[in-house]
Protein chains: 2
Amino acid sequence: MSLTPLLQELIGALRALPGVGPKSAQRMALHLLERDRSGALTLAEALEQAVERVGECATCRNLSEQEQCAICEDSARDAGVVCVLESPVDLMAVEQTGGFNGVYFVLKGHLSPIDGIGPDELGLERLFARVDAGQVRELILATNPTVEGEATAHYIAEQLQDSDVNLTRIAHGVPVGGELEFVDGGTLAHAFAGRRSLKRSVDE
Amino acid sequence: MSLTPLLQELIGALRALPGVGPKSAQRMALHLLERDRSGALTLAEALEQAVERVGECATCRNLSEQEQCAICEDSARDAGVVCVLESPVDLMAVEQTGGFNGVYFVLKGHLSPIDGIGPDELGLERLFARVDAGQVRELILATNPTVEGEATAHYIAEQLQDSDVNLTRIAHGVPVGGELEFVDGGTLAHAFAGRRSLKRSVDE
């Protein structure tokens, strides 16, 4: 009653944003209309532009406005080391560490036969083509340590068993700064299975 | 580096939303681009439509798409009782109680000489005109119980001292369901000052 139809539509549309419920959406809509109409128009324009022009990189499937993303085009990066990730968010997380100088391949998902997501949907033929072309020395499988992520990593490893690329999987274990007491059993088991020797080997 | 310029623009624009920091904005932008592009376009359209077409009601200054808002046009509501509020959000809060059947007047702010907000900016001449025209029996001053809200209520009351309208202020006190222990001193003082007799008066 106290909300106009357009305001109701706007509140409904704002709920497309992750983590925004009916109450936040109402607060956002009123804030924009009462105090920041120019911000609202800027946001509308930014949304349209991004949807229209941000596509995916032809090489790595990361979000990109050009045919090739900035990372793939950067000649300072080592194109011989390819990190395989599930999503652009993961890519950003790795980029923010600043410690990785290779390139990426974004699967945009993981194998999930129930949802109809197979190797084709993940663009794996493109990844395998890069490996077959001999451009890749090491393939770092950094899919999530979930059942689906593990299965995806396993599938990729199986397919490349006969190639001479170096296949690695990121380490899973106790997070830095974490306490054993609060770490779940699966992680702890991983941490033990992946333990490393601290003793220098005799012939070193 | 890993973010395209348009994506960065979108993330910046999303921060116009109240309660959205850099991290949430990034998550929202990626969610929309990765998983809900149609939702993003719907939102852009809803923002533009709302900004373009939602104005204010000529009578009560509430948000409205028409000359008159739905509440002012509703003949079932008592136009003789006018509730004066600071913002449309307050109006929605009162409407949601379902217990008020009068109409509203939205100040869209409070008196604040430092910010250059005087009686003109609050549209008070329109409110006084309604009172002078004799359409109003009771004026309920429901501005916020802040220094500025109280000052605004006081100013309105002063201006209407000579009119024969019934001026009231909403009660301030301990919230229902609240505990004395956790209520601040100002509220508690209000609650004592505004105490009501529970004894029926002798001549009742």
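Restricting to chain A, what percent of DSSP beta bridges are antiparallel, rounded to 5?
20
With unit charges on the beta carbon (Lys/Arg positive, Asp/Glu negative), name the residue among A:Met92, A:Ala133, A:His110 whose Cα is farthest towards the positive pole of the charge dipole of the stretch A:78-170.
The residue sitting farthest along the positive end of the dipole is A:Met92.
Give me the net charge for the shell around B:Ala25: Cβ to Cβ below 12 angstrom, other residues only, Lys and Arg +1, Asp and Glu -1.
Residues near B:Ala25 contribute +2 overall.
Using the Kirkwood radius over C-alpha pairs as Rh, can you work out the diffusion coefficient of the stretch B:7-68 via Stokes-Einstein at 25 °C, viscosity 0.890 mPa s, in µm² per second?
184
Between B:Arg126 and A:Gln66, what is the spin-label point distance in nm, taking each point 7 Å from the Cα along the Cα→C-beta axis?
5.3
Let's see if you can work this out: charge +1 on each Lys and Arg Cβ, -1 on each Asp and Glu Cβ, no other charges. What is the dipole magnitude of chain B about its Cα centre, in debye to the nearest 20?
The calculation lands at about 640 debye.
What number do you get for the stretch A:78-170 when its Cα radius of gyration is normalised by 2.2 N^0.38 Å, N = residues?
The stretch A:78-170 yields a ratio of 1.01.
Quick one: order B:Ile71, B:Ile156 by neighbouring beta-carbon count within 10 Å, fewest to most.
Going from sparsest to densest Cβ surroundings: B:Ile71, B:Ile156.
For the stretch A:78-170, give the magnitude of the charge dipole about the Cα centre (Cβ charges: +1 Lys/Arg, -1 Asp/Glu; no others), in debye to the nearest 20.
220
Taking the rotation that carries B onto A, look along its axis and tell me which residue of B has the beta carbon nearest to it, distance in whole angstrom.
B:Ala44, 2
As I understand it, the dipole of the stretch A:78-170 uses +1 on the Cβ of Lys and Arg and -1 on the Cβ of Asp and Glu, about the Cα centre. Which of A:Gly80, A:Pro145, A:Leu124 lies farthest toward its positive end?
Selected residue: A:Gly80.
Can you pull out the GluC sites (Glu not before Pro) in the stretch B:155-195 that DSSP calls coil and that have at most 10 other Cβ atoms within 10 Å?
B:Glu179
If each label sits 7 angstrom from Cα along the C-beta direction, how far apart, in nm, is B:Val176 from its counterparts in the other copies?
Its label point is 5.5 nm from the equivalent points in the other copies.
With contacts defined as alpha carbon pairs under 8 Å and 6 or more residues apart, what's the relative contact order of the stretch A:78-170 in percent?
Across the stretch A:78-170, relative contact order equals 33 percent.
Give me the compactness ratio for the protein assembly as shown, meaning the Cα radius of gyration over 2.2 N^0.38 Å.
Scaled against compact globular proteins, the figure is 1.42.
In nm to one decimal, list the spacings between the B:Asp164 label point and its equivalents in the other copies, with label points set 7 Å along Cα to Cβ, shortest first.
Ordered by distance, the counterparts are at 10.5 nm.
Go ahead and estimate [θ] at 222 nm for chain B from helices alone: -39,500 (n - 2.57) per DSSP H run with n ≥ 4, summed, over the residue count, rounded to 500.
The helix-only estimate for chain B comes to -12500 deg cm²/dmol at 222 nm.
If amide H atoms are built 1.01 Å from N in the plane of the peptide, which residues on other chains or at least 5 residues away come under 5 Å of the amide H of B:Cys69?
Those lying under 5 Å, H to H, from B:Cys69 are B:Ala58, B:Thr59, B:Cys60.
Can I get the semi-axes of chain A's equivalent ellipsoid? Compute them from the C-alpha gyration tensor as square roots of 5 times the eigenvalues, in angstrom, largest first.
40, 24, 17
Please turn the phi angles of the stretch A:109-121 into ³J(HN,Hα) values with the Karplus equation 6.51 cos²θ - 1.76 cosθ + 1.60 (θ = phi - 60°), one per residue in order, whole Hz, x for glycine and proline.
Ordered by residue, 3J(HN,Hα) equals x, 9, 4, 7, x, 4, 8, x, 9, x, x, 5, 5 Hz.
May I ask for the net charge around A:Ala189, where only other residues with Cβ less than 14 Å from the Cβ of A:Ala189 are counted and Lys, Arg are +1 while Asp, Glu are -1?
-1
Amide H to amide H, which residues 5 or more places from A:Glu86 or on other chains are under 5 Å from it, using H placed in the peptide plane?
A:Leu107, A:Asn144
Averaged across the residues of A:31-43, what count of C-beta atoms belonging to other chains lies within 10 Å of each residue's C-beta?
Taking all residues of A:31-43 together, the mean is 6.
Evaluate peptide A:51-63: per residue, the Cβ atoms of other protein chains within 10 Å of its Cβ; return the mean as an integer.
So the per-residue partner count for this stretch is 3.
We did not get these values from a lab; they are worked out from the coordinates using the rules stated. The structure displayed is predicted, hence computed values, not measured ones. Cβ: placed from backbone, ideal geometry, glycine included. Neighbour counts: every protein chain shown.
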